[in-house]
1. Return the residue satisfying two criteria in turn: it lies in the range A:241-268 and is closer than 19 Å to A:Y128 by Cα and β-branched (V, I, T), and of such residues it is farthest from the other protein chains (Cβ to nearest Cβ).
2. Identify all residues within the range B:62-101 that are under 21 Å from the mean Cα position of the chain (by Cα) and of a type in the set (D, E, K, R); write none if there are none.
3. Quick one: in the range B:132-156, which of the residues that are over 13 Å from the mean Cα position of the chain (by Cα) and not polar (S, T, N, Q) is farthest from the other protein chains (Cβ to nearest Cβ)?
4. Given A:D71, A:D49, A:D9, which one is touching a Lys or Arg at 6+ places or on another chain (Cβ under 7 Å) and more than 14 Å from every other protein chain (Cβ to nearest Cβ)?
5. Return a yes/no flag: does the range B:175-184 have any residue that is within 14 Å of chain A (Cβ to nearest Cβ) and basic (K, R).
6. With (1) touching a strand residue (DSSP E or B) at 6+ places or on another chain (Cβ under 9 Å); (2) at pLDDT below 95 as the list, and B:T138 as the residue in question, which single condition is left unmet?
7. Name the pairs: first residue in the range A:305-316 and free of Cβ contacts under 8 Å to residues at least 12 places away in the same chain, second residue surrounded by fewer than 18 Cβ atoms within 10 Å (Cβ to Cβ) and among the charged types (D, E, K, R), Cβ to Cβ under 9 Å, at least 6 apart or on different chains?
Number of protein chains: 2
Amino acid sequence: MKTGAFGIDIGGTTVKIGYFDTAGTLLDKWEIPTRKEQNGEWILPDIRDAVCAYMKEHNIPVETVAGIGLDVPGAVLEGGIVNRCANLGWGVTPVKKIMETMLPRLPVRVANDANAAALGEMKHSDAYQNIVMVTLGTGVGGGVILNGEIWTGAFGAAGELGHIPVNPEETECCACGKKGCLEQYASATGIVRIAGKRLESSGEDSVLRKVPKLTAKSVMEAAKQGDALAVSVVETACDILGRALASVACVVDPDAFVIGGGVSKAGPMLTDCIQKYYVKYAFHASRNTVFKLAELGNDAGICGAVQMILSEKELLSTDCG
Amino acid sequence: MKTGAFGIDIGGTTVKIGYFDTAGTLLDKWEIPTRKEQNGEWILPDIRDAVCAYMKEHNIPVETVAGIGLDVPGAVLEGGIVNRCANLGWGVTPVKKIMETMLPRLPVRVANDANAAALGEMKHSDAYQNIVMVTLGTGVGGGVILNGEIWTGAFGAAGELGHIPVNPEETECCACGKKGCLEQYASATGIVRIAGKRLESSGEDSVLRKVPKLTAKSVMEAAKQGDALAVSVVETACDILGRALASVACVVDPDAFVIGGGVSKAGPMLTDCIQKYYVKYAFHASRNTVFKLAELGNDAGICGAVQMILSEKELLSTDCG
């Protein structure tokens, strides 16, 4: 009988590993460093070692483990093939095949990290089967969940909401090489960029002129305290993000938008502001789409990754393993 | 045994009716007028009469008909309920229920017309399971086909590509009440609007100054002949549309975009121009998305509508009917 499964979230600094029961409850979690030397060739063997050591230490027979769900910070193609992953030093890497060769009795599923987080949040709230998650961190990530499953798209690029073109007039480059991507305005970096420009171009007084280091957090806090310049920065970011999400609704018309990532720690003040602009730009039929804050924080990745295993009934049956 | 099915496309002027074999081949088609008097209450009874008369005339036993696929120019909710349809005079109308009450032995499926057209084109080309179709007519319609099926969304608004917000600076209103929708630039009406403005604001010579009535067709033809002003109008429309489709790809990342509607009669000159701008704005992973011209013309609706019946295996089995 299957009694557990692993959910693993590979980040640029650490690999988060979670062991779950088959109902999706997190039983144990820990981290190992992400060894990026030699083009990240040790990352997957390190994970194998960590999983094996854990199973040995806790006397978990391999036949009771339903499998391993893994997520990575890059696009994932059909068959669990990662299509380059600059953060990890990887070129095109058949992650599923490599892991299943090292651990022949454990089925492996692979997803993009933002997609896995979206799946984790969807399962956690358990209210909607069709959601779009936006992760506002250093960049802007996204995940599209349709009928309870990750939608990856033809080239693994579905849910790349950070690269929705929002401003054809932009002169500065996005990390992706294009100009005018959503990420340049609605990420933590984007918010700092807008604030920096506004502080430079206006003589307006602002508490932001006194902070030792301008961060998205300091802008959000100043806005909460009513600082006019900070408020205008948050309004600009939310206007652009709300408009981008109105575009998203014209495509997949989800039940709910889930807002996550570091910037979302600003709470309902942020989601309310995004929703205000969303309603302004949305097609009338989609104006009541629900806006929610993400709830899983740093566990979203491992929780979503394991769901790829737990949602496949065949992997939970006694026969395979 | 099921040997046929009906595909019916309800438009504002005529209702197109097609009778198909179960392989999806169109055997016969005809039109009846759309009677919009008394809030369109005769439209569905007229369709019932037409279907019954056809079956009687051709000796088609009801037990050989797999069902009726119907499309309407409005949003369709779960359960075949049409959520208002201004063009037909309908309020919220349970089309599936009404039709199945009038024709108890024929299962009915209902879709939005642009969605049905997208499904028809997908089945016709038979190359991709995941496509986004854009219909450039009086307005801009759209349909999203994922895993070979229409994606309708939470409020029936998936694929409403014409209302993607593309220009927050726009001062004129779209038919939907918002300002700056894609439809205001990339529809036949939008192209005429851009051309009219450009003719008014510039002193530039153009063959368009001599046409008796400015139409999207005359703009396209002038552009083909190299008229500089007409070329600039087409470039503007394709720039805005290519950018909107780059947004679409960041959400669902389809295998292909299919361009249809009256404006698409301009042919490869149009799709090439849209694709040129799409590639400029698209996220790198999605730059190779295929662009295709629609091929079914006015039959796309009936061909897609019938597919809703023919793709349900249970409806084709001998037992139900």
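1. Here is the first cut: in the range A:241-268, the ones closer than 19 Å to A:Y128 by Cα are A:245-246, A:248-260.
Restricting the remaining residues to those that are β-branched (V, I, T) gives A:248, A:251-252, A:258-259.
Numbers: A:V248: 5, A:V251: 4, A:V252: 5, A:V258: 14, A:I259: 16 Å.
The qualifying residue farthest from the other protein chains (Cβ to nearest Cβ) is A:I259.
2. Within the range B:62-101, B:D71, B:E78, B:R84, B:K96 meet the criteria.
3. Result: B:G148.
4. On the way: A:D71 fails: touching a Lys or Arg at 6+ places or on another chain (Cβ under 7 Å); A:D49 fails: touching a Lys or Arg at 6+ places or on another chain (Cβ under 7 Å).
None of the others qualify; the one that does is A:D9.
5. Just the residues of the range B:175-184 that are within 14 Å of chain A (Cβ to nearest Cβ), to begin with: B:175-184.
If we keep only those that are basic (K, R) as well, we get B:178-179.
Within the range B:175-184, one or more residues are within 14 Å of chain A (Cβ to nearest Cβ) and basic (K, R).
6. The single condition B:T138 does not satisfy is (1).
7. none
A quick yes/no check of all residues on (1) in contact (Cβ under 8 Å) with a residue 40 or more places away in the chain; (2) surrounded by 21 or more Cβ atoms within 10 Å (Cβ to Cβ); (3) not in a helix (DSSP H, G or I):
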position	(1), (2), (3)
B:E200	no, no, no
B:A223	yes, yes, no
B:A230	no, yes, no
B:A237	yes, yes, no
B:A249	yes, yes, no
B:K265	yes, no, no
B:M269	yes, no, no
B:D272	no, no, no
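The values are calculated or read from the model by the stated rules, or taken from the named source; none is laboratory data. Treat the numbers as computed from the prediction; the structure is a model and nothing was measured. Virtual Cβ from ideal backbone geometry, glycine too; neighbours counted across all protein chains shown.
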